[in-house]
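One structure is given here, and the rest of the page talks about it.
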Amino acid sequence: MSDELFERHRGLLDLAIAATATRGAFSAYPDRIADFNEVVQAEGREAFENYCGSYFYLDQPGVGERVGSEQSPYRIELGIQYPKTNLNSIMPASVRAREGWSKVDVDTRTGMCMEILHQLHLRSFEIGYATMHTTGQPFGMAFQSGGPHAQERGLEAVAVAYQEMKSIPVEALWEKGEGSATVRLKKTFRLVGRGVGLVVGCSTFPNWNAYPGIFANLMTGNAVIVKPHANAILPLAITVGVARHFLKEAGFDPNLIMLVVDELEKPMAQALAARPEVKLIDYTGGTEFVDWLRDNARDKLVYVEGSAVNPVVIDSTANFAGMLRNLVLSASMFAGRMCTSPRVVFTPREGIATPAGTTTTTEFDEHLAQAFERMWNDVPRSCEFLGMMRPFEYDARIDGAAALGDVVVESKTLEHPNFPGAMVRTPLFVRVRADQTDVYMHEWFGPIVFLVECDTTAESLTRAAMVAREKGAITAMLHSTDAGTCSTAEETFGATGTTLCLNFTGPVYMNQSAAFSDFHVSGLNPAGNGTLVDSAFVAQRFRVLETKSMA
């Protein structure tokens, strides 16, 4: 069956490998809702609804009591209970499963990983609803980020790992000397994983951030423990359930991948990370746990993505309306709860040069407020950008930020027209002084953006680069019609390891990151130490065992 799976998916694998080389646009899985018929959509919705008020079954070892306290920001009663697992039972089982899997050849592992991704894709609507009702994402975003786009990130990890492992020969003949003095050695090479990998999920994009680590570990011969965020368990629980089912069906130990569920009041991430069986850790989330890992997991291979203070520098523009619209929608997408959302906007004191003349700081603020007001007038459309929040989840943070400067755009509360009681806070824009670095030089995660006026664009670039270098940034935006300024910005942000977006005025935003094309996180600033997905992300997850004999 394993050889059959590899051949079945070989065509897609070849396309994925080619895409990692060209870095152009490549869609491995359909990602438009319109590409699917209504029956498939209805089945996905029904499957999600069947989880609600029930017990999520996983045949893992060491299962005891049931836990789970997820609350849907859309105010739908979830009531899903998950198995609470005893670590002393699952860790030995994970080690045993890894020992067998590490002996499996690369093609077989590849076929299994691609079949799991294929089966996950068939359940994209089910996963989409699970993502929507645990994270608060609008359904269109939840379907893509939890389904096809996450699957493409997983496939990208599979393709890159396949290339890395296939670059090492199975055997070699080593010869040295001449004639009767020639020495010949036969050398064989076997690739093995490092151990058990821990993937700690986040609450905003659970699958999109977790799939690279999950599939990079499986491909390179490691077992995987998946620990979702307590607020977003279901998307990763479905993932683990699908993977376990098809591993078992193919004759492999399903304990190769297991789920560990905890509660907000009793987090288990530190206890898991400290286990001696755990050799690799993937984590996306807040800086507190990132800092803990850096201090306490020095003996493990750790890939982290933490906070990012993504800057926008506005110098001049040939399309003021397009620039403004793009900024408004970038800040509004999922209400600023993306790791690539804009956090601070720098403008020059002399004003922004436009085709209609110079726009002063005061005029820019007025246009910004008016643009947001127009957007909020269309509540249904706004909700499809903003998504929903749990009650009071960001209220204190928004109110605290508003007290630190002059409010330019007030954060409003909107109610979803189709989900009574489901609420969201719109983005807050606060203008602060350039010397208030203690305010804007850290990530205010959520719908909060600071506006900073600098003496010149050169100062704006200097301050933006300082933010990226010292506090971390994944993306940056520059609006300028001056070629010299653009060139300077490219060098400036390049030195900080920040992806630069130039003059985005259309329907592409600094928030977006495409599998097979974008290198998500450079690893060169505090925002993270690994890239999704490059060779370095997979190559250290396996090692080469060598046997030498006289030929």
query: What share of Cα pairs, in percent, lie more than 16 angstrom apart in the stretch 378-481?
result: 63
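How much of the DSSP beta bridge set in the chain is antiparallel, as a percent to the nearest 5?
Numbers: 32 of 73 bridges.
Bridges in the chain that DSSP calls antiparallel: roughly 45 percent.
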- prompt: When ligands, DNA and RNA are left out and all protein chains stay put, how many square angstrom of accessible area per residue does the chain have with a 1.4 Å probe?
  reply: 40
message: What percentages make up the Cα-Cα pair-distance distribution of the stretch 1-156 when the bins are 10 Å wide from 0?
response: 10, 28, 33, 25, 5
Cα-based helix-to-principal-axis angle, 234-249 vs the chain, degrees rounded to 10: 20
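Given 37 °C and 0.692 mPa s, how large is the Stokes-Einstein diffusion coefficient of the stretch 181-275 in µm²/s, with Rh as the Kirkwood radius over Cα pairs? Present the calculation step by step, with values, prior to reporting the outcome.
Details: Rh = 14.8 Å.
Diffusion coefficient, whole number: 222 µm²/s.
From largest to smallest, what semi-axes in whole angstrom does the stretch 407-465 give when each is the square root of 5 times an eigenvalue of its alpha carbon gyration tensor?
Values: eigenvalues 199, 22, 16 Å².
Square roots of five times the eigenvalues give 32, 11, 9 Å.
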statement: For the chain, the longest principal axis of the Cα atoms and the Cα long axis of helix 106-122 enclose an angle in degrees, to the nearest 10, of 40
field: C-alpha long axis of helix 2-22 to longest principal axis of the chain, angle in °
entry: 40
query: When the accessible area of the stretch 437-542 is computed with all protein chains present and a 1.4 Å probe, what percentage of it is carbon and sulfur?
result: 53
query: In deg cm²/dmol, rounded to 500, what helix-only [θ] at 222 nm does the chain give when every DSSP H run of at least 4 residues adds -39500 (n - 2.57) and the total is split over its residues?
result: -13000 deg cm²/dmol
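With an 8 Å Cα cut-off and a minimum separation of 6 or more residues, compute the relative contact order for the stretch 383-479 in percent.
Numbers: 114 pairs, mean separation 22.4, N = 97.
RCO, the stretch 383-479: 23 percent.
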statement: The rounded separation in angstrom of the Cα centers of the stretch 195-213 and the stretch 494-542 is 17
statement: Once normalised by the length of the chain, the mean sequence separation of its alpha carbon contacts under 8 Å that are 6 or more apart gives a contact order in percent of 17
message: Over 32 Å apart: what share of the alpha carbon pairs of the chain falls there, rounded to a whole percent?
response: 46
- line: Its Cα gyration tensor gives the stretch 110-237 an equivalent ellipsoid whose semi-axes in whole Å, largest first, are 42, 14, 9
task: Using Cα centres only, tell me the gap between the stretch 10-39 and the stretch 439-471 in whole Å.
output: 36
- prompt: Of Lys176/Lys548; Lys227/Lys279; Lys103/Lys227, which ones are farther than 21 Å apart at the Cα?
  reply: Lys103/Lys227
field: Residues whose placed amide H lies under 5 Å from that of Val345, excluding near-sequence neighbours
entry: Val312, Phe450, Leu451, Val452
message: I'd like the distance separating the alpha-carbon centroids of the stretch 251-291 and the stretch 343-376, in whole Å.
response: 45
message: Residue by residue through the stretch 263-279, what is 3J(HN,Hα) from phi via Karplus (6.51 cos²θ - 1.76 cosθ + 1.60, θ = phi - 60°)? Round to whole Hz and write x for glycine and proline.
response: 10, 4, 6, 10, x, 10, 4, 5, 4, 5, 4, 7, 4, x, 5, 6, 10
query: How large are Rg and Dmax for the stretch 406-551 when only the alpha carbon atoms are used, in Å?
result: 20.8, 79
- request: Could you work out the relative contact order of the stretch 419-548, using alpha carbon pairs under 8 angstrom and six or more residues apart, expressed as a whole percent?
  value: 18
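The values are calculated or read from the model by the stated rules, or taken from the named source; none is laboratory data. A quick note: this is a predicted structure, and the numbers were derived from the prediction, not measured. Keep in mind that these areas ignore ligands, DNA and RNA; they rest on the heavy atoms of the full protein, side chains included. Shrake-Rupley method; radii C 1.70, N 1.55, O 1.52, S 1.80 Å.
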